[in-house]
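Nothing in this text is a laboratory measurement; each read-out follows from the coordinates by a stated rule. Quantities reported herein were computed from a predicted structural model and do not represent experimental measurements. FYI the Cβ positions are ideal-geometry reconstructions off the backbone, even for glycines, and counts take in every protein chain you see.
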Amino acid sequence: MGQNPGPHARVPFNRPYVAPKANEYVGEVLNRGTLGGGTGEFSRRCSELLEHELGVNLVILTASGTAALEACALLLDLAEGDEVILPSFTHPATANAFVRQGASPVFVDIRPDTNNLDERLVAERISSRTRAIVVMHYAGIGCEMVELCSIAERRGISLVEDAAQAIFAAYRGRSLGSFGDVAAVSFHETKNITCGEGGALLVNDTALTAQAEFVVENGTDRRRFLRGEVPAYTWQCLGSNYRISEILGAVLWAQLEERHRLQERRAMLWNRYGVELQDWARLMGMSLPVIPANRTPNHHTFFLRAPDRETRCRLIEHLERMGITATFHYSPLHLSTIGKHAGYRHGDLPVTEQVSATLVRLPLYNGMNREEQDQVIEALASIT
């Protein structure tokens with residue numbers, strides 16, 4: 001969702017980082033001759049590291065963040081007529097995963113400070129058909145998880161975290177992705193940690209552990225078979241092939257080995273934007289990201305909020321003329337074709353509509369150097 005980055009930009013919106021050891025590790029995989037399956041040595045290392053660092057019960061690497069979301073939806077065993085509460089300000093994949101299982105999306109507005117699902121509006125949208133609340137941690141800034149967990153527990157419904165943007169971010173010292181019954185992470189090329197395309201299903205509810213292993217293996221107990229627990233694997237439930245290839249697992253491991261350095265570098269770039277643009281933003285009527293005191297962000301995205309759509313468009317066009325690619329973000333799902341068919345109209349979610357019309361994301365990527373960031377800051381300062 002957003003503008004095409006443009007391959008010839010002097011400062012692109014994103015430039016995927018390739019860890020130096022990636023070639024070596026991919027070579028190891030090719031030499032072994034075991035390329036797929038999601039249960040190879042590098043995939044295992046990644047899963048175990050993430051389980052330990054995130055404090056979750058089970059991590060299964062998937063072919064994409066979308067695949068992880070679809071696995072989450074399958075684990076909820078949704079049926080036609082069930083309802084799922086979620087923000088409209090998110091990627092269509094967040095909604096698709098649950099709608100394709102028969103659930104109806106119930107869109108709730110977002111907070112004007114963090115762009116996250118407004119927990120104060122959730123309870124009033126819960127009905128007898130509500131099966132789950134799906135939260136999305138925008139830009140790696142956590143939702144109000146204490147309140148959302150409390151609502152889900154009181155009402156006896158599932159909680160799902162779309163933590164696609166939130167790897168290694170935390171809320172009150174606890175990793176995002178560790179609160180919900182299940183969660184999804186993305187390792188797409190735009191994310192902090194990437195293997196090009198990839199993701200992870202996080203399972204916190206121990207009652208879902210066995211089922212999760214079935215779901216990602218076409219509904220079979222193949223993983224039990226590989227561990228020698230059954231003589232052959234058989235069909236157990238609905239599922240699909242959500243497994244990551246071992247080649248991508250090797251690329252991912254090379255990045256995870258560098259995770260602390262990558263996160264520190266990204267934080268430095270993010271914080272420099274905040275310091276250098278503070279006075280400029282005030283003069284231009286722009287707002288900068290808000291980080292509540294009890295959040296530990298992962299500095300995934302640095303975004304501005306313009307006072308109106310026209311100013312946002314003028315800013316993006318000015319940067320483009322200067323050879324810098326900035327971009328907007330999500331179009332509201334409730335105003336999409338599917339959303340309108342469900343009865344939603346302009347004005348139903350005013351904060352979502354305002355944020356979507358005025359938000360702009362600045363270039364930020366792991367390999368960004370000071371000179372490139374200087375160009376962005378100087379270009380913004382030259383807007384008249």
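Look at the dipole of the chain built from charges on Cβ: of H300, L50, L349, the Cα furthest out on the positive end belongs to H300. For E189, the residues whose modelled amide H falls within less than 5 Å of its own, excluding neighbours fewer than 5 places apart on the same chain, are G196. Normalised by the number of residues in the chain, the mean separation of alpha-carbon contacts (under 8 Å, six or more apart) gives a relative contact order of 24 percent. The value of relative contact order for segment 97-215, using C-alpha pairs under 8 Å at least six residues apart, is 16 percent.
Cβ-to-Cβ counts within 10 Å put W235, W253 in ascending order as W235, W253, the fewest first. Under 14 Å from a point placed 7 Å out from the Cα of M268 along the Cα-to-Cβ direction: which residues of segment 356-384 have their backbone N that close? Hits in segment 356-384 for M268 at 14 Å: 365-374. Dipole check for the chain: with +1 at the C-beta of Lys and Arg, -1 at the C-beta of Asp and Glu, and the Cα centre as origin, the magnitude is about 320 Debye. Considering only E80, E70, E124, the Gaussian network model of the chain with Cα springs below 10 Å gives its largest mean-square fluctuation to E124.
Grouping the Cα pair distances of segment 259-381 into 10 Å bins from zero gives a pair-distance distribution of 12, 38, 32, 15, 3 percent in increasing distance order. Here is the tail figure for segment 41-81: Cα pairs spaced more than 16 Å apart come to 49 percent of all pairs. Residues whose amide H comes within less than 5 Å of that of Q236, counting only those at least five positions distant or on another chain, are T220, D221 (H built at 1.01 Å from N in the peptide plane). Note on the chain: Kirkwood hydrodynamic radius from all Cα pairs is 21.5 Å, rounded to one decimal. Since only L364, G177, V215 are under comparison, the one whose Cα sits farthest along the positive direction of the charge dipole of the chain, derived from C-beta charges on Lys, Arg, Asp and Glu, is L364.
Near S158, the amide H atoms lying under 5 Å from its own belong to A132, I133; only residues 5 or more places off or on other chains count, and H is placed 1.01 Å from N. Working note: Karplus 6.51/-1.76/1.60 with θ = phi - 60° gives segment 14-20 the couplings 9, 9, x, 8, 10, 5, x Hz, where Gly and Pro are set to x.
Looking at the square roots a ≥ b ≥ c of the eigenvalues of the Cα gyration tensor of segment 235-276, which shape do they give, rounded for a/c under 1.5, prolate if a/b is larger than b/c, or oblate?
Prolate.
Tally Lys/Arg at +1 and Asp/Glu at -1 over every other residue whose Cβ is under 11 Å from the Cβ of A183; what's the total? Surrounding charge for A183 is -4. Label-to-label distance for E41 and R370 is 4.0 nm, based on points extended 7 Å past Cα in the beta-carbon direction. Once both labels are positioned 7 Å from their Cα atoms along Cα-to-Cβ, the gap between E378 and H260 label points is 3.5 nm.
For P20, neighbours were defined as the other residues whose beta-carbon sits under 15 Å from its Cβ, and their charges (Lys and Arg +1, Asp and Glu -1) total 0. With each label modelled as a point 7 angstrom along the Cα→C-beta vector, the R154-R314 pair spans 4.6 nm.
How big is the dipole moment of segment 259-381 about its Cα centre under a simple scheme where the beta carbon of each Lys and Arg is +1, that of each Asp and Glu is -1, and everything else is neutral? Debye, nearest 20, please. Intermediate results must be reported in sequence, preceding the final value.
Details: 16 positive and 13 negative charges, 88 e Å.
So the magnitude is around 420 debye.
Across every pair of non-identical alpha carbons in segment 24-93, the mean reciprocal distance, once inverted, gives a Kirkwood radius of 15.0 Å. For the options N298, N115, N218, a Gaussian network treatment of the chain with springs between C-alpha atoms closer than 10 Å singles out N218 as fluctuating the most. Under 12 Å from a label point set 7 Å out along the Cα-to-Cβ vector of H341, the amide N atoms of segment 75-112 belong to 100.
Normalised by the number of residues in segment 30-136, the average gap of Cα pairs under 8 Å and 6 or more apart makes the relative contact order 23 percent. Computed extension gain for A79 through R10, at 0.36 nm per residue and net of the alpha carbon distance, reaches 19.9 nm.
Net charge near L359: determine it from the other residues with C-beta under 11 Å of the C-beta of L359, scoring Lys and Arg +1 and Asp and Glu -1.
Net of charged neighbours comes to +4.
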